[in-house]
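I have placed the structure first, in the form of structure tokens, so that the comments after it can refer back to it.
The values are calculated or read from the model by the stated rules, or taken from the named source; none is laboratory data. Just so it is clear, the structure is predicted and the values come from calculations on it, not from any experiment. Glycine also receives a Cβ, built like all others from the backbone with ideal geometry; neighbour counts cover every protein chain displayed. Just so you know, the surface numbers come from the protein's heavy atoms only, side chains and all, with ligands and any DNA or RNA stripped out. Shrake-Rupley method; radii C 1.70, N 1.55, O 1.52, S 1.80 Å.
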Amino acid sequence: MLLFGILVNLILLVVMFAIIFKANHSVQGARAQNVSSEDLKSFGYKQELLRDMGGFSNFAVSFSIISILTGAVTLYGYGFNQGGPAIMGVGWPLVTLFVLFIAAAMAELTSSIPTSGAIYHWASILGGPRWGWFTGWLNIIGQVTIVAGIDFGCAGFASALIFGNPTHVQILITYAVILLMHATLNHIGINVVSKLNSFSAIYHIIGVFIIIGVLTAFGPHHDVGYLFNANFSTMTSGSMPYWFAFLVGLLQAQWTLTGYDASAHTSEETIDPKVRAPWGVYLSVAISGIFGFILLAIVTMSIKDPAAVAQAGNNAFIVAIQQAVGGWFGQAMLWMITIAMWFCGLSSITSSSRMVFAFSRDKGLPLSHIWARVSKKFYTPNYAIWLVALIAFLSAIFNNVYAVITSLSVIGLYGSYFIPIFLKLRAKFKGAWTEKDDGPWSLKGWSNPISVIACAWIIFLIVLMTISPSDVAITSSITLHYATGKIFISVLVLLTIYFFAYAKNRFEGPHLGSYAEISQRLRKKDDATVVTGEPVQH
């Protein structure tokens with residue numbers, strides 16, 4: 001495992017910086033040719049949201065939602081129990097590597113088609129209304145459950161620090177208060193949230209450095225080799241070998257590195273979106289990957305009693321910090337992490353509400369005319385904001401649902417990421433997407449291989465999350481086994497029924513504007529294929 005871990009980390013660094021150099025070269029070339037960002041009118045929409053975000057603020061939204069002080073922390077115990085220290089030393093960089101391919105493919109699409117609908121718009125343009133509808137629903141499922149996962153995790157930490165050993169009711173009350181604060185701030189206006197997001201990005205970076213500095217000063221309990229220890233797992237048994245437990249434990253990193261499509265969803269509020277928004281998508285993953293690895297490495301090396309950390313469950317990170325530091329200083333660090341989670345949830349509602357707004361604008365949701373409204377005073381999608389907060393609260397009412405919520409958010413979000421990336425590959429193969437359709441942020445000849453790797457990883461990921469063991473206690477005597485897979489499949493069945501019973505003949509998809517030409521080209525290629533029975537050569 002040691003050699004494999006070192007190899008993965010080296011490959012990660014090479015890929016990360018190679019993509020940065022390639023994309024930057026493309027952007028500079030576009031700048032030299034005076035290629036400018038199109039405004040929203042080219043998509044047939046009126047500019048309703050305030051376009052006031054700079055490049056750093058756009059990046060900060062995704063960076064804050066990824067929030068290594070949230071996902072990596074709240075699921076620390078889950079990952080540690082599944083795969084032990086190797087989840088941090090090998091699992092984290094392995095997931096980061098593949099997520100970079102996905103982020104790069106999405107950044108290209110963001111540069112080409114910068115709207116609040118983002119993923120949903122891309123799928124509609126490249127595949128038609130049906131693809132767009134399912135993509136929009138998958139993304140909303142992922143967006144809402146990620147809000148629930150973030151804010152419920154924040155509530156768990158905050159209530160543990162306030163009450164010591166909180167009841168489920170106390171956690172739910174704390175959760176409701178946090179959601180109320182986030183919805184209110186998002187309602188007030190993008191200027192307030194934008195400033196808080198920018199502060200959040202700086203806060204996260206400083207927070208990571210403080211934790212690393214303090215733990216280094218107190219002295220790690222293990223050497224670097226401990227990070228590649230594959231001998232510790234509380235989940236392995238005769239029915240679950242270590243390799244499968246390790247793969248299941250990748251949820252820790254995979255859930256953390258989600259939500260970076262937020263930079264695309266806020267592109268209508270970003271200045272120069274064809275350049276700044278794709279950089280926000282990609283760099284939020286790259287920087288989070290680096291800082292996340294350093295944070296997890298130093299915390300894991302500071303563990304003194306692995307068994308006690310494993311037994312702590314969702315509070316494993318708290319126990320690890322208390323073992324390493326303890327006292328009031330340890331409590332202060334944990335409060336600092338809780339505040340970072342609060343910032344993360346704030347950004348997540350921003351992104352989720354924009355997706356609900358964009359999808360409702362095209363009548364993709366029930367009662368769309370309500371969720372598509374924009375506050376005349378604050379220029380924010382106020383009804384969409386409160387809808388997201390309400391559904392997020394309801395999804396976390398039952399006990400022991402945290403792993404299910406986080407798994408569903410990964411499946412929903414990455415399922416929605418897969419569709420437009422795959423459709424773009426298909427359009428390229430058919431000759432319907434040409435180089436002139438690329439935005440300034442482009443990987444040129446690297447684009448297709450990167451997209452293929454991204455699609456392959458997403459398929460593997462969704463299958464893994466669907467078959468992973470997860471139990472939810474519905475009542476004292478009724479437990480839903482393999483809850484994640486059963487819930488996801490049930491949702492897909494219901495969506496399919498709803499689509500064919502109602503939406504199929506009523507949902508027309510988004511306005512395509514100038515991008516209707518791409519859809520027309522694709523349809524012509526499809527028609528030619530049907531007539532000749534052979535793929536079109538180009």
With the condition kept exactly as written, say whether any residue in region 244-264 is free of Cβ contacts under 8 Å to residues at least 60 places away in the same chain and either within 28 Å of T466 (Cβ to Cβ) or among the basic types (K, R) (or both).
yes
Of the listed residues (I453, I459, I487), the one being open to solvent by 10 Å² or more (accessible area, probe 1.4 Å), in contact (Cβ under 8 Å) with a residue 40 or more places away in the chain, out of contact with any Phe, Trp or Tyr (no Cβ under 8 Å at 6 or more places or on another chain) and within 30 Å of P241 (Cβ to Cβ) is I487
Residue hits (region 214-234; modelled with pLDDT of 85 or more, surrounded by fewer than 18 Cβ atoms within 10 Å (Cβ to Cβ), among the polar types (S, T, N, Q) and not in a helix (DSSP H, G or I)) are T234
For the structure I just gave you, tell me whether I349 is open to solvent by less than 40 Å² (accessible area, probe 1.4 Å), modelled with pLDDT of 90 or more, assigned to a helix (DSSP H, G or I) and closer than 27 Å to V177 by Cβ.
yes
Out of all the residues in region 177-194, which are surrounded by fewer than 15 Cβ atoms within 10 Å (Cβ to Cβ) and over 18 Å from N382 (Cβ atoms)?
V177
Cβ-Cβ under 7 Å, sequence separation 6+ or interchain: first residue in region 201-221 and touching a residue at least 24 places away in the same chain (Cβ under 8 Å), partner outside any helix (DSSP H, G or I) and open to solvent by 80 Å² or more (accessible area, probe 1.4 Å). Which pairs?
H221/K304
On the basis of being of a type in the set (F, W, Y), under 24 Å from T256 (Cα atoms), surrounded by 19 or more Cβ atoms within 10 Å (Cβ to Cβ) and over 16 Å from the mean Cα position of the chain (by Cα), does F398 make the cut?
no
Please name all residue pairs, on different chains or six or more residues apart, with Cβ atoms under 8 Å, provided the first residue is in region 377-396 and is closer than 20 Å to I487 by Cα and the second residue is part of a loop (DSSP other than H, G, I, E, B).
S395/V401
For region 64-172, which fully contained helices (runs of 4 or more DSSP H) count at least 2 residues that are open to solvent by less than 10 Å² (accessible area, probe 1.4 Å) and either at positive phi or touching a Pro at 6+ places or on another chain (Cβ under 9 Å) (or both)?
92-112, 119-127, 129-163
Out of all the residues in region 311-346, which are open to solvent by 10 Å² or more (accessible area, probe 1.4 Å), hydrophobic (A, V, I, L, M, F, W, C), touching a Phe, Trp or Tyr at 6+ places or on another chain (Cβ under 7 Å) and more than 23 Å from H187 (Cα to Cα)?
A324, V325
Could you tell me whether region 195-209 includes any residue that is among the aliphatic types (A, V, I, L, M), open to solvent by less than 30 Å² (accessible area, probe 1.4 Å), within 25 Å of V374 (Cβ to Cβ) and within 22 Å of the chain's Cα centre (by Cα)?
no
In region 268-284, which residues are surrounded by fewer than 24 Cβ atoms within 10 Å (Cβ to Cβ) and within 15 Å of the chain's Cα centre (by Cα)?
L283
Regarding region 27-48, can at least one residue be identified that is at pLDDT 80 or above, within 28 Å of A297 (Cβ to Cβ) and open to solvent by 30 Å² or more (accessible area, probe 1.4 Å)?
no
From the list S237, S200, S284, pick out the single residue that is part of a loop (DSSP other than H, G, I, E, B) and either at pLDDT 90 or above or among the polar types (S, T, N, Q) (or both).
S237
Among the residues of region 240-267, what is the count of those that are at pLDDT 85 or above and open to solvent by less than 30 Å² (accessible area, probe 1.4 Å)?
17
Test set (1) open to solvent by less than 10 Å² (accessible area, probe 1.4 Å); (2) within 18 Å of the chain's Cα centre (by Cα) - A427 fails condition number:
(2)
Looking at (1) in a helix (DSSP H, G or I); (2) at pLDDT below 90; (3) open to solvent by 10 Å² or more (accessible area, probe 1.4 Å); (4) not small (G, A, S), which is the one condition that is false for L390?
(2)
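So, I370, is that one assigned to a helix (DSSP H, G or I), modelled with pLDDT of 85 or more, open to solvent by less than 30 Å² (accessible area, probe 1.4 Å) and β-branched (V, I, T) or not?
The answer is no for I370.
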I'm checking my understanding of the structure. Among residues of region 457-488 that are over 17 Å from F418 (Cβ atoms) and part of a helix (DSSP H, G or I), which one is nearest to the chain's Cα centre (by Cα)?
T484
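Among the residues in region 322-329, are any in a helix (DSSP H, G or I), within 30 Å of I6 (Cβ to Cβ) and modelled with pLDDT under 90?
Yes: one or more hits.
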For S416, all conditions in the list (1) over 17 Å from the mean Cα position of the chain (by Cα); (2) closer than 23 Å to L257 by Cα; (3) at pLDDT below 95; (4) part of a helix (DSSP H, G or I) hold save one; what is the number of the exception?
(1)
